1. How big is the range 4-163 by Rg and Dmax over its Cα atoms, in Å?
2. Give, in nm to one decimal, the length gained when the segment between Glu153 and Ala206 is fully stretched (0.36 nm per residue of separation minus the Cα-Cα distance).
3. Round to the nearest 0.05 the FRET efficiency obtained for Glu44 and Leu195 when R0 = 41 Å and r is the Cβ-Cβ distance.
4. Which pairs, out of Lys10/Lys108; Lys203/Lys225; Lys73/Lys108; Lys19/Lys169; Lys19/Lys97, put more than 25 Å between their alpha-carbon atoms?
5. Rounded to whole Å, give me the distance from the Cα center of the range 241-265 to that of the range 95-119.
6. Loop-only trypsin sites (Lys or Arg not before Pro) in the range 1-71, please: DSSP not H, G, I, E or B, and at most 12 other Cβ atoms within 10 Å.
7. Cα-based Rg (one decimal) and Dmax (whole number) for the range 164-216, in Å?
Amino acid sequence: MELGQNAVTKLEPFLLMSKSAKGAAAAKLIQDATSAPGVFVFGELLELPNIQELATHEQYSQFYSSLQLFAYKTYQDYLQHKGSLPPLNDSQVTKLKQLSLVSLASEKRILPYSLLLQAIEMPNIRELEDLIIDAIYSDIIRGKLNQKEQQFEVEYTMGRDIEPEDIEKLLASLRNWASTTSAVLATLDDKLAALTSNAVTSKEAAQTYETAYQATLKEVYDKHKEAKAGVRAGQFTGRTGLTPAGERERDKQRERERLEREERERKEREKEQGDSMDVDEPPEGAKGKGRRAPLQDSNARLSQRKRTRP
């Protein structure tokens, strides 16, 4: 529920009674409505014919002015025109001060205690805070009491009745706001259109770059692959097609390799044979041992045996 909505509901009984109230009864109705708890809006009551008749009534016109005071004005306005208004009871004074608080809150978000003490003539901060708390519980204002900073921080406030002469000013403000809002929205639309266009252009540029990048990457990869294949072809010539001259050169190379291999094998065999002969040759100190004596030595020994025979 919006702030002040309950106040409109509480005004309805007075609207019903005003249809049959005239003169003194209408004046009494105004006193009761401005004193009743929870009633903070009076515009609909002011528009009723029986109430408007009091504006030109010689005896009760001041009650009509009193109703206008509660609908549009503040406590300071009451002090300035106190002599032409009926006296206010305690409930009316408290309500008028709360309505003055609403008017101040609609103009400023931060209300210093010093300003409020002067505007609604509260004797001390304690009573000022009590008045604000009652207004919060009456659902006509929302905010936070900041005792450290000595200020009331407004969050939200109900709307008061608007004087007929202020309606044109309000409409002008609304038109100005609507015009400014339209200009801002148009600017935002232009910005969004430009951003959308830039996004599309950027996307197309990114796609073009990606296509070119992939094409270049593929070209480099293919060239690298061809170069690698060429190296392999040079290393393994027998696996690739050769010209007749190339084949002859290949055969010569193979023949040279075969001859070199046979030469190495021959030298290895000769070396092995040489090593075998060195093993059969007796050492230097053993020469003559185990060998047969020369023929002349054998004949001499035979002759000697014959001489010694008996």
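Values quoted throughout were computed directly from the atomic coordinates according to the rules given, and no laboratory measurement underlies them. None of these values were measured; they are calculated from a predicted model. Using ideal geometry, Cβ is built from the backbone for each residue, glycine included, and neighbour counts are taken over all protein chains shown.
1. Here Rg and the maximum Cα pair distance are 16.0, 52 Å.
2. Once the chain is fully extended between Glu153 and Ala206, it gains 13.9 nm.
3. Efficiency, rounded to the nearest 0.05: 0.25.
4. On the way: Lys10/Lys108 28 Å; Lys203/Lys225 32 Å; Lys73/Lys108 17 Å; Lys19/Lys169 31 Å; Lys19/Lys97 29 Å.
Long pairs (Cα-Cα over 25 Å): Lys10/Lys108; Lys203/Lys225; Lys19/Lys169; Lys19/Lys97.
5. Each part reduced to its Cα centre gives a spacing of 114 Å.
6. Lys19
7. 22.7, 77
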